Each structure stands twice: as C-alpha cells, then as structure tokens.
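Below is one structure, written out as structure tokens, with a few remarks after it.
The values are calculated or read from the model by the stated rules, or taken from the named source; none is laboratory data. Bear in mind that the values here come from a model prediction, so they are computed numbers and not experimental data. Every residue, glycine among them, receives a Cβ derived from its backbone with ideal geometry; neighbour counts consider all protein chains shown. What goes into the accessible areas is simple: the full protein's heavy atoms, side chains included, and nothing from ligands, DNA or RNA. Shrake-Rupley method; radii C 1.70, N 1.55, O 1.52, S 1.80 Å.
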Amino acid sequence: MSIVENATRSGSAAREDRPAGARPGEHPGGGAGTRPGEYVFDQAWDRESERLRTNEAIWDPGTVERLERIGVAEGWSVLEVGAGTGSITGWLSERVGPRGRVVAVDLETSRLDWLRAPNVEAVTLDIRHQDPPREAFDLVHARMVVQHLQDRPGAVARLVRALKPGGVLFLEDTDSLPLFRSATGEDFLADVKAAGYGLMRRAGHEPRGGHFDLAAVLDLGLEEVSAEGRAVMVRGGSHQARHYMLWLESLRSRLVAQGLLDEERIEAALREMADPANRWLSQVLISTIARKPR
C-alpha cells in the first residue's frame, strides 16, 4: 500500500477533533477558543504561510547543518513530517537526488505545490492518528511537530516504525523557557509569553517538548542517541522578529476573547517587537538524533 492510499484510508480520523464546518482554533459556535488536542495554529489564517516561512528562516540553517552531519546521501528515502512551506523538503530533494525520494507530510500540503521535483511526494497525513508505511525510510525528520501532540510517545513510536532497520530519527522541538529574555529586562514581554504559551498549552502544546523527544527515543531503545540545543538572538524589526509578531497576531483573537491580553497590550507588544532597539533570545530548539537498531 502506498503512503497516499494509507493516508486516504485513514483520512476521516484526521478530522475527528474538529466538528464539520468549524475552522481550526474555533469552537463550533464561532467563538474563538482552543480545545485540547486541537492544533493551535489556524491553517486557514491568511498569514499562516508567512508565519511558517519566517519560522523556517530562523531554524533552517541549523537544521541543514545537522542533516549534513547525519550524512543524508543520494538514494536515501526520507519522510519529512510537518513540511510547512517546503524549505527543508526542497533541500532534501536535491540531496537525495533522482534515485532517492522525499515524502513530505502535513495537515495542509497546498503550500508544497511549488515543489515540482519528481522525487517529492506531498501527502496529507495526521501523525496523531495515521501511520506512515513501516520500515520504508532511511531518515525521518520532524521539526516543531511532536511538541504539539497530546500523545507524544505514541507519535514518536509511529515515526520509529516508519524507519528501516538502521535508519535515523531526527526530532526537533523546543524549550520555551528562555524566550524573550533580553538586556532590556528579564520580564521583557513576559506577560505576552505567559498568555500565548498558556493558550498553546491548553491546546496540548508542551513548552518543554524537546526534552520529551529525548525521553521518548531512550524509552524506545534507539541507539547512538544524541541531543543538543541551539538558540538565536532576535533583533526587533528583523525578518526573525516578524515571526514572533505573526505568532502573536495568529493567537490574537483567542487571547482577547479569553481575557488573557487586551488589544492595547497586544499593540504595544507588536511595537516592541518591531523596534530595532530591542533584542531578545529565541526558544532553545533541541535536536534529538538517534538510530533504529538493525
């Protein structure tokens, strides 16, 4: 069975957390809310693609560095989970070449339409409920995916089952503790962070997700396990800062509706993020790399 057939057969499960006709991030009654187990970022938001692209701009250099360290080579079969707008998928496509293949999965795959390479297959698949093909891939990579799932160990086990014996699992998830630490003050945007991450956590996001990735692969008995963190300094008004502004904008209606922040505070925070005089630390992105036993 191909991965497309597998995803299609299980496709009804991918929608079971949302009543028919309700958009992600909304209750069926139309009020802005976030339910446990529901992905916090609205895929239908008109700036979601930009939010994803700015996130890729922050983290892609470090991801590529680690993929090169892993030794991704021509002819490899790769599963890219949570492909976003396809920046890493495109890099992998070039690296594995015409004898390899990249299966890029996401809840919304239309953002991958620009990828015309014959070795790329874009598939709608929800890793919460659906299994990729077993023992089919030399590498499985997921960045900022597992931390959003309620059953993180179950999702990691699905990804491990998709690896060939000896294949490599590469998970990247964050620790949000240092986010917005700044020379301006230890409490720079602290209230905004608490409100935004509080809302995300109620939807199932784990702010220490990268730590749980490491625990999961150790529990599953993977070998050659390593984990390391990286962070970037963000300057206000930069392309990187734009990502955090879009993060806040994407949550804005729910933050206001739930009384977590008011419009005045959000506008003030956006001005602070746009000010080049401000610099702050990103989350720490923890990269966990491990090999499936042969």
Taking 46, 213 and ranking on accessible area (1.4 Å, protein atoms only), highest first, one gets 46, 213
Could you tell me what percent of the accessible area of the chain is made up of carbon and sulfur, with a 1.4 Å probe and every protein chain present?
49 percent
Taking 220-229, 251-260 and ranking on average Cβ neighbours within 10 Å, highest first, one gets 251-260, 220-229
Ranked output for segments 51-60, 270-279 by mean other Cβ atoms within 10 Å, highest leading, reads 51-60, 270-279
The chain, Gaussian network, Cα under 10 Å: of 185, 196, 97, the residue fluctuating most is 185
When only Cα pairs under 8 Å and 6 or more residues apart are kept, what is the percent relative contact order across region 97-160?
29 percent
With the 1.4 Å probe rolled over protein heavy atoms, the chain has an accessible area per residue in Å² of 44 Å²
DSSP bridge orientation in the chain - percent antiparallel, rounded to nearest 5:
50 percent
Relative to a virtual label point 7 Å from the Cα of residue 135 in the Cα→beta-carbon direction, which members of region 145-174 show backbone nitrogen distances below 20 Å?
156-170
Report the FRET efficiency, 1/(1 + (r/R0)^6), for residue 99 and residue 161, where r is their Cβ-Cβ distance and R0 is 35 Å, rounded to 0.05.
0.90
In the full protein assembly as shown, how much of residue 168 is accessible to a 1.4 Å probe, in Å² to the nearest 10?
10 Å²
Taking region 144-255 and dividing mean pair separation by its residue count, relative contact order in percent (alpha carbons under 8 Å, at least six apart):
31 percent
Can you give the calculated 222 nm mean residue ellipticity of the chain, where each DSSP H run of n ≥ 4 adds -39,500 (n - 2.57) and the sum is split over every residue, rounded to the nearest 500 deg cm²/dmol?
-11500 deg cm²/dmol
